[in-house]
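Right, I'll just put the structure down here and ask away after.
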Amino acid sequence: MKRDILVACTLALLFAVAGAIAQQRLETIVTLCDNETEIVIAGLKPGQALEHGAAFQVADRFMDEWKKKNPGSNWIMAMNMKPGPPIAMQVRRTAAAEPVSATKQAGVYSGFTAADEFIWKTELDKFVAEGNRIFHDAQAVGGTIGVSCDMCHPNAANTHPETYPKYQVQMQKVALLRDMINWCIQHPAKGKPLADDDPKLRAMEAYIMAQRAGKAMEPGKH
Amino acid sequence: MPAKHKSVETKWYEAREAVMRTVPHLGRRDFFNVMGASAAAIMAKGLLPPHSFQLVEVAHAQAPKPEKFTFAYVSDTHLYSPKLNDQFIRAAMRAVEDVNRLDPQPDFVLFGGDLAQLGAKEELDIGRQILKDLKAPLRMMVGEHDWYLDMGDQWRDYFGKETYSFDHKGVHFVVLMSVMEKDFWTARGLTPEQRMKTVAGLDNSTQSAFEVGAPQRQWMSDDLAKVDKKTPVVVFSHSPLYKYYRNWNFWTDDADEVQAILKKFDNVTVIHGHTHQVLSNRIGNINFHGLLSTAWPWPYAPEGLPKLTVAMDRSNPFSPLDGCGDGRIDMNADGLADMIYNLWERNPMTVPASYLKSLGKTNLPSATMLKTY
């Protein structure tokens, strides 16, 4: 696990040079993805990539700094348990991992690194897991008769999100998946419909769609 | 109720009664004419008549030698406390009324398990009360929703042993407790309520697979040792005694061992609850039939559906009782069972034994209109 964290942080370091940059003094200040811990790397130009070995050393320094501040803590647990809104663990610059060659294009939205994908997947999984929780909890979904979504839709089966939007004959209008989720909350679960931007509704949409990964989109299918 | 506001149901019963009143006055030839005409009308509507349509009962009367009989079923009622949710209670009561209206009455009624939703005494109480209204004798089977709060204590107190056998008109019946799970709760420190909720979640992968278990298999071998191989055997199990879909426990882990115990018999039928859907299968010498739930239908699993299953039509979420129902089982003279699914919101569906025994070559059940997604 420690190795994974190191790799993630190292890769983030290679390309995520953020914070204050003092160009004249030829040093770079890098912020760890807890958004607090900072260290100064002397002799590194902004935008310049560290060599692999040097980057690992910086990552080790980061982890040592963090552990000093948080004795006895585990990084992943601490990040997951942190109160308040989820930490913006974004990578601010995503220059290509290898030196940009003449044949490759480079831009802010290209050349995702393993660190990027690790972070994105972690964030998505958390969102889907929250949807999973609500989907399986009669009270969380706001039902009043002890009926939860999974009772008719184990693993979100028979929700077919890929067929929305479609004309829902019984509603006499074109419905989105969220309309159908809300219908189920109101009728089988006997609860109050959620607002379109309700975090619970958003999370459930994410969970339902994640269960149908790989299905072809077929809006309008009956 | 004022006479001018008769419901469709009332009108139907009045029309039926009127026909029935005239039946005793018909001569033999007239009777066959009437029945033939009704059968033709049904065929013209494109409905497959349930197998025990009166013509069949007449055949029974003329040839009394083989023991034909029927029994009915109600299954998977998933009752809640009446204070929390009465819709499943009303559905269970409807099933009891259905069965009580069967004419002739079934020899007995099988309850297919999952009487309660979370095994609570209050839930079992209301269930027991509702089932008391059945006119025909009741044969109980236990399901995982009845069991995992107190490991079956309350259920046994009300309904007796969970594993037993009996003989009826030449058929040997075996009732199993097929939803044993390996202990996943002690190591996790779960309370009885948490254990029950875990098992109640169909897609909850914390639980272990259902099994009949070695002690019960031994009991079954001993019980069947005394039974002649020509005797038809019918096994009631809550979970399907084969491997359909592990993730939802549409599955019995030691199904192969149980099937092996049944191998010596010429005709075996397994009737199971738990799957809440029309489900048919044949493995070796065994026909398998799933039961409908009165509470809600389960979707077909994403894989593993037996090829012989003619799926029931996709259920309409806007109609709370669609895909639910009860049904009847007609035991043929050869000891195999025809399954009649009494789907509440649509035409009945018959899955004859001959369809399964011919591996789908004859007597196909009616096809679905809309495929599942």
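Along the positive direction of the dipole of the range B:145-238 (beta-carbon charges: Lys, Arg +1; Asp, Glu -1; about the Cα centre), which of B:Y158, B:H145, B:F210 reaches farthest?
B:F210
Let me ask something else. With the dipole of the range B:68-357 worked out from charges on the C-beta (+1 for Lys and Arg, -1 for Asp and Glu) around the Cα centre, which of B:F88, B:L336, B:M312 lies farthest toward the positive end?
Positive-end residue among those listed: B:L336.
Among the aspartates and glutamates, which have Cα under 20 Å from the Cα of A:K121 when same-chain residues fewer than 8 positions away are ignored?
Answer for A:K121, where 20 Å is the Cα cut-off: A:D4, A:D34, A:E130, A:E205, listed by chain and number.
Now for a different question. Which loop-located trypsin sites (Lys or Arg not before Pro) does the range B:68-177 contain, where loop means any DSSP state but H, G, I, E or B and the Cβ has at most 11 other Cβ atoms within 10 Å?
Numbers: sites: B:K68, B:K83, B:R90, B:R94, B:R101, B:K121, B:R128, B:K132, B:K135, B:R139, B:R156, B:K161, B:K169; in loops: B:K68, B:K83, B:K132, B:K135, B:K161, B:K169.
Loop-located and lightly packed - B:K83, B:K132, B:K161.
Below 21 Å, Cα to Cα, which lysines can B:K161 reach? Residues fewer than 8 away in the same chain don't count.
B:K121, B:K132, B:K182, B:K226
For B:V235, enumerate residues with amide H under 5 Å from its amide H, sequence gap 5+ or separate chain, H modeled in the peptide plane.
So B:V235 has HN proximity to B:V174, B:T269, B:V270, B:I271.
Show me the trypsin sites (Lys or Arg not before Pro) within the range B:176-210 that DSSP assigns to loop and that have at most 13 other Cβ atoms within 10 Å of their Cβ. Let's see the in-between values first.
Working: sites: B:K182, B:R188, B:R195, B:K197; in loops: B:K182, B:R188.
The qualifying sites are B:K182, B:R188.
Using the Cα centre as the reference, give the magnitude of the dipole from point charges on the C-beta atoms of the range B:68-357 (Lys, Arg: +1; Asp, Glu: -1; all else neutral), rounded to the nearest 20 debye.
Numbers: 31 positive and 39 negative charges, 104 e Å.
Using only the charged Cβ atoms, the result is roughly 500 debye.
Pull up all non-local amide H partners of A:T31: gap of 5 or more, or a different chain, and H-to-H distance under 5 Å with H placed in the peptide plane.
Amide H neighbours of A:T31: A:A18.
Averaged over its residues, how many other protein chain Cβ atoms are within 10 Å of peptide B:73-84's Cβ atoms? Mind showing how you got there, number by number?
On the way: counts 0, 0, 0, 0, 0, 2, 0, 3, 1, 0, 0, 5.
Average per residue, whole number: 1.
Give me the dipole magnitude in Debye, nearest 20, for the range B:111-157 about the Cα centre, with unit charges on the beta carbon: positive for Lys and Arg, negative for Asp and Glu. Before the final figure, lay out the partial values.
Working: 6 positive and 10 negative charges, 68 e Å.
Using only the charged Cβ atoms, the result is roughly 320 debye.
Residues of A:58-64, mean number of Cβ from any other protein chain within 10 Å of their own Cβ, rounded to a whole number? Working shown, then result.
Numbers: counts 0, 0, 0, 0, 0, 0, 0.
Other-chain Cβ atoms within 10 Å of each residue's Cβ, averaged: 0.
Report, as an integer, the average count of C-beta atoms from other chains found within 10 Å of each Cβ along A:145-152.
6
Please turn the phi angles of the range A:139-146 into ³J(HN,Hα) values with the Karplus equation 6.51 cos²θ - 1.76 cosθ + 1.60 (θ = phi - 60°), one per residue in order, whole Hz, x for glycine and proline.
6, 4, 7, x, x, 10, 10, x
Among all the aspartates and glutamates, which ones have a C-alpha under 12 Å from B:K230's C-alpha, if same-chain residues fewer than 8 places away are not counted?
B:D266, B:D334
What order do you get for B:269-280, B:202-213, A:117-128 when each peptide is scored by the mean count of other beta carbon atoms within 10 Å, highest first?
Numbers: B:269-280: 26.3, B:202-213: 18.3, A:117-128: 14.8.
Top to bottom by mean Cβ count within 10 Å: B:269-280, B:202-213, A:117-128.
For the cross-link pairs A:K192/A:K215; B:K169/B:K307; B:K243/B:K357, which exceed 28 Å when the distance is taken from alpha carbon to alpha carbon?
On the way: A:K192/A:K215 30 Å; B:K169/B:K307 32 Å; B:K243/B:K357 19 Å.
Long pairs (Cα-Cα over 28 Å): A:K192/A:K215; B:K169/B:K307.
Here's a follow-up. With only Lys, Arg, Asp and Glu charged, each at its Cβ (+1 for the first two, -1 for the last two), find how big the charge dipole of the range A:151-222 is about the Cα centre; round to the nearest 20 debye.
Details: 10 positive and 7 negative charges, 30 e Å.
Dipole about the Cα centre, nearest 20: 140 debye.
Rule-based calculations on the coordinates, nothing more; no lab input. Fair warning: this is a prediction, and the values are worked out from it, not measured in the lab. FYI the Cβ positions are ideal-geometry reconstructions off the backbone, even for glycines, and counts take in every protein chain you see.
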